[in-house]
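Below: the structure, in structure tokens.
The values are calculated or read from the model by the stated rules, or taken from the named source; none is laboratory data. Just so you know, these numbers come straight off a predicted model, no measurement behind them. Glycine also receives a Cβ, built like all others from the backbone with ideal geometry; neighbour counts cover every protein chain displayed.
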Amino acid sequence: MLTRRTVLGGMAGLAGAGALAGTGMRTSPARAGEGLPARPSVPAGRRHDLTFVAAEREARLLGPSGPVSRVWTYTDDLFGVVRMRLGDTLRARLDNRLPEHTSMHWHGIRVPNSQDGVQYLTQPPVNPGETFAYEFTPPDTGTFFFHPHCNETGQVGRGLAGILIVEGDEQEPSHADLVLASKDWRLAEDGSWLSFDTLEGASRAGTFGTVRAVNGEQAFSAEVPAHGDIRLRILNLDATRMIEVGVEGAEAYVIATDGNPITPFPLHSWRLGAAMRLDVLVRAPAAGRTFRVLDYFSAEPWPLATVRAAPSGLQPRPFSPKPLYVSSVPRADLKNAERMSFAFSAATGAAGFVQAVAQDDPLAKVLLDSLCVQESTFWAINKASWPNADHRRMPPPLAMLEAGRSYVFELMNATPHPHPIHLHGHMFEVLSASRSDVPRFLADTVLLHPKERIEIAFVAERGDWMFHCHILEHLEFGMMGYVRAV
């Protein structure tokens, strides 16, 4: 049960895990991953030739005896999981059998820009009946996912997403590895879809689902070896909802953020905005007992998963998780980094759909594609909305960067709503946050609380990279842009 003691313990944990409001810029002096063990050399791996068929399929999201819903997925399984080893190459063939164009954006993976999966910006749209081939060798281990990048509210809203796990970061293998993908569904009682976006939701905190679920189930449960070390890969795949992850009934340590190893520390709670991930190592209790993974951000704690311990040959022993191998993500030279500021705010003035576009612009078609923009805008980055009615051409980059150079971005939230901010193609180090007392950690998406300032640092990679809020209505209604590194 959630008691006053556990609530107070969770609140104390927030101060170290990044969710308590406060004042002043706070930071840990230690760089993210400092002191983690070096990874042994990685041999060349094998090639995975996979075909993903984006198509409509059936699922019973309202329960096994409930009505059928028509979901969109890349595989026959909802949120199909692909596992590979560090050093392996993925060749992914996308076969589009949907009634509209789509793509595959590899969220969190440092891919070449041509493989980033953003229609018009990095590739042509994959129209109905067409195919497109992606090929890359992930440079990092971790928990990642993939999804389209136009009409995300509608396509991801119907389930079009998958999970990619790159293994090879553990000194000692866990006894079980569970994926927990949290996503709400906008469903009517008959299983049909409700509107995926609303003007009221888009202009505020987003439009929430009517059915909460994990891995497509409203009450997800699993069985693991008693006294085993259980790795939980927790993904927030929702379009809007924040979750605050905690574990009751077992010891738990945070071991990775957005797939990136971090020095293990006890989990009290950790807040995940849309598109963020958390890897947790849990010591399972004795046989017959259970532990629960909870979302404390709900009005009442909501169970993300109930996990039962089954008999095993393992014996009770002290729990001190071995850290994962250190990440190979390039680290910014903070002394020589160039600093830039980005303000995330409400849009200024009326910004409508751009009717006239310069046809000589190679990216101009995005402004005429109703899948990729909305007819009004509510949000902006540095006073520029996507698209911006004041421009006849494709919006210019939010910033021009030099590939290979270090940058510190200061992110400022001038709104009363939180924004999970995602930068494509990079892993950045979260250096400091004005309203959170956080350890430094690596991430591809960071939760920017209302009136908060956060500093992130990274080394720029060549290409055009999207930079946006990952509340899907916010990005579609203006809080999106791109940076260009040359």
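The requirement of being among the hydroxyl-bearing types (S, T, Y) and either modelled with pLDDT of 95 or more or surrounded by fewer than 19 Cβ atoms within 10 Å (Cβ to Cβ) (or both) is satisfied by T415.
Contact map, region 177-196: residues that are under 18 Å from E58 (Cβ atoms) paired with residues that are of a type in the set (D, E), Cβ distance under 8 Å, separation 6+ or inter-chain. Pairs shown: K183/D238. Does S203 meet the test of being touching an Asp or Glu at 6+ places or on another chain (Cβ under 9 Å) and under 27 Å from K322 (Cβ atoms)? Answer is no for this residue. If the condition is being more than 20 Å from the chain's Cα centre (by Cα) and among the acidic types (D, E), then region 194-216 contributes only E200. Against the criterion of being part of a loop (DSSP other than H, G, I, E, B) and of a type in the set (K, R), R233 does not qualify. A residue that is touching a residue at least 24 places away in the same chain (Cβ under 8 Å), surrounded by fewer than 23 Cβ atoms within 10 Å (Cβ to Cβ) and closer than 23 Å to H419 by Cβ cannot be found anywhere in region 272-291.
Considering only residues in region 371-383 that are modelled with pLDDT of 85 or more and surrounded by fewer than 21 Cβ atoms within 10 Å (Cβ to Cβ), the one that is farthest from A343 (Cα to Cα) turns out to be F378. A Cβ distance below 6 Å, combined with a sequence gap of six or more or placement on separate chains, defines the contacts here; from region 330-350, residues that are surrounded by fewer than 15 Cβ atoms within 10 Å (Cβ to Cβ) reach residues that are of a type in the set (S, T, Y) in the pairs D333/S406; E338/Y407. Name the single residue, out of those in region 118-141 being under 30 Å from V254 (Cβ atoms) and touching a Lys or Arg at 6+ places or on another chain (Cβ under 8 Å), that is surrounded by the most Cβ atoms within 10 Å (Cβ to Cβ). Per the stated criteria, the residue is P138. Residue count for region 287-302 under the criterion of being under 17 Å from R231 (Cα atoms) and more than 20 Å from the chain's Cα centre (by Cα): the result is 3.
Return yes when F132 is out of contact with any Ser or Thr (no Cβ under 8 Å at 6 or more places or on another chain), assigned to a strand (DSSP E or B), at pLDDT 95 or above and not charged (D, E, K, R) and no when it is not.
When the stated conditions are applied, F132 does not pass them.
Does H424 count as on the phi < 0 side of the Ramachandran plot, buried (at least 23 other Cβ atoms within 10 Å of the Cβ), at pLDDT 95 or above and not acidic (D, E)?
Values: on the phi < 0 side of the Ramachandran plot: yes; buried (at least 23 other Cβ atoms within 10 Å of the Cβ): yes; at pLDDT 95 or above: yes; not acidic (D, E): yes.
Yes: the conditions hold for H424.
Looking across region 112-146, just one residue is under 18 Å from the mean Cα position of the chain (by Cα), under 19 Å from P99 (Cα atoms) and without any contact (Cβ under 8 Å) to a residue 60 or more places away in the chain, and that is G117. When each of P362, P303 is tested for being modelled with pLDDT of 95 or more and over 28 Å from S406 (Cβ atoms), the lone residue that passes is P303.
Determine if region 325-348 includes at least one residue that is closer than 16 Å to L232 by Cα and among the charged types (D, E, K, R).
First pass over region 325-348, keeping only residues closer than 16 Å to L232 by Cα: none.
There is no residue in region 325-348 that is closer than 16 Å to L232 by Cα and among the charged types (D, E, K, R).
Taking the listed residues A485, A443, the one that is among the aliphatic types (A, V, I, L, M), more than 30 Å from F265 (Cβ to Cβ) and touching a residue at least 60 places away in the same chain (Cβ under 8 Å) is A485, with no other qualifying. Identify all residues within region 39-62 that are at pLDDT 95 or above, out of contact with any Gly (no Cβ under 9 Å at 6 or more places or on another chain) and of a type in the set (G, A, S); write none if there are none. The answer is A54, A55.
For region 249-263, the count of residues that are outside any strand (DSSP E or B), touching an Asp or Glu at 6+ places or on another chain (Cβ under 9 Å) and crowded, with 24+ Cβ neighbours inside 10 Å is nonzero.
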